[in-house]
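Every number here is computed from the coordinates shown, using simple stated rules; none is lab data. Keep in mind that what you see is a predicted model, and the values were worked out from it rather than measured. Positions of Cβ are backbone-derived with ideal geometry, glycine not excepted, and every protein chain shown enters the neighbour counts.
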Amino acid sequence: MLLLAFRNLKSRPLRNALTVAGLAIAVAVLVCLWSFGNGYQRALRSELDRTGVQLMLVPLGCPYDAAARVLKGKTLENSLPESALAEARRDPAVAVAAPMLLVAMPGVEAGRADMWAGVDESSLDLKPWWRVKNGQRWFAKEDSVILGADAAEIELRSPGDRFYSPEAGLRLRVAGVLQRSGTSDDSLFFVPLRTAQGMFHLPGRLTAVAIRLRDPTLLRAASERLQRIPGAQVVTLTEMMGTFLNLVGAVRTLLVSVALVAITISLLSVFNTLLAAVVERTGELSIMRAIGASRLQILRLISTEALLLTGLGSLGGTVLALLVGHGVENLVKRLVPLAPSEPLLWPSATIILQTVGLGVVIGILGSLYPAWRASRLQPAEALKSE
């Protein structure tokens, strides 16, 4: 039965190939979406937990957008007064309050912007991944700069080298180069906070203050006190993660709906392909009935052909998702907030089995009417075709 079904499919290669290709594309989209959604949640939780930050003080405006931009090493239009840092450090629930000043400077090359980060030594308490590949772990002098792994490769600089920033008009010396961490730190230029404030003419201003509490259970009370700081607002990383996951979930639901439309079209394509094959093979199927094939055998034959079609489509779609998944991931990372830097495409065995199962369901549904119609053919139909 299987060999006969396979031979019948080979007899109409173009039509069947188009049906398989359409289903494969729809399946690949579904695999990528489901895998990306699972990987995004896993990586986001891992990245936020690794920072050890429970709260963040950001300038007035949209708190979640501001916190996301800071965590990804991006600049903000507004800034905080440095007095907010002093008040945060005086709060009894605060264990570490690390200031940062992030400024994007257009590079010499068109289309490139260098991201500078002014920090003080308290930032080391919030960066467990901070490891020096070469040179010193901290700034030797106020005119020192520490380069992220990617920044060092772009600038071709090593510890001890002179570093001139024409955009800021300042000469610095490279104190160290960081090991690659897979975070936004890899692309940053780190300088002492006072140096950054002088470089960018922002005395007494900050982009944000990252806060770790002495006890996470003090979160609510600490948030209420810190919310009273003038010119600042508080955002908790837990709330921000929940907001982003909800946003990504809504976007994913929309995209999955589009993919399901594509699956429905594939179902109709399978239905049309099988029905056309049954109509074209009326004489052949009637002869099979005339020489003793039962209705159940005819039904099984058409159903087997449908399962072969959808099985090939599901398998092809899974392989296609694995091949193009990296490119899809890079595209989606640009569209979602706080996209973690680690790989997000996570095609688990469960997702692959669910997708293959969906292909089987499509095959069964698409073959119901064509198989029923083929099984109802009478042997006398063979004489009519003659």
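Details
- Phi angles across the stretch 141-152 convert, under the Karplus curve 6.51 cos²θ - 1.76 cosθ + 1.60 with θ = phi - 60°, into 3J(HN,Hα) values of 9, 5, 9, 8, 9, 10, 9, x, 4, 5, 4, 5 Hz, Gly and Pro given as x.
- Under Karplus coefficients 6.51, -1.76 and 1.60, residue-wise ³J(HN,Hα) of the stretch 184-193 in Hz, glycine/proline x: 5, 4, 4, 9, 9, 10, 9, 9, x, 4
- Backbone amide hydrogens, once placed in the peptide plane, bring N134 within less than 5 Å of V177, excluding anything fewer than 5 places away on its chain.
- Here the gap between N78 and L170, fully extended at 0.36 nm per residue and compared with their Cα-Cα distance, gives a gain of 30.7 nm.
- Amide H contacts under 5 Å for D114: M105, G107, restricted to partners 5 or more places along the chain or on a different chain, H placed in the peptide plane at 1.01 Å from N.
- The simple Förster model, with R0 at 25 Å and r as the Cβ-Cβ distance, assigns S257 and Y369 a FRET efficiency of 0.45.
- The slack in the chain from A349 to R89, taken as 0.36 nm per residue of separation less the alpha-carbon distance, amounts to 88.8 nm.
- Measuring r between the beta carbons of A104 and L14 and using R0 = 51 Å, the FRET efficiency lands at 0.45.
- When you count the other C-beta atoms within 10 angstrom of each residue and take the mean per peptide, 95-104, 275-284 line up highest first as 95-104, 275-284.
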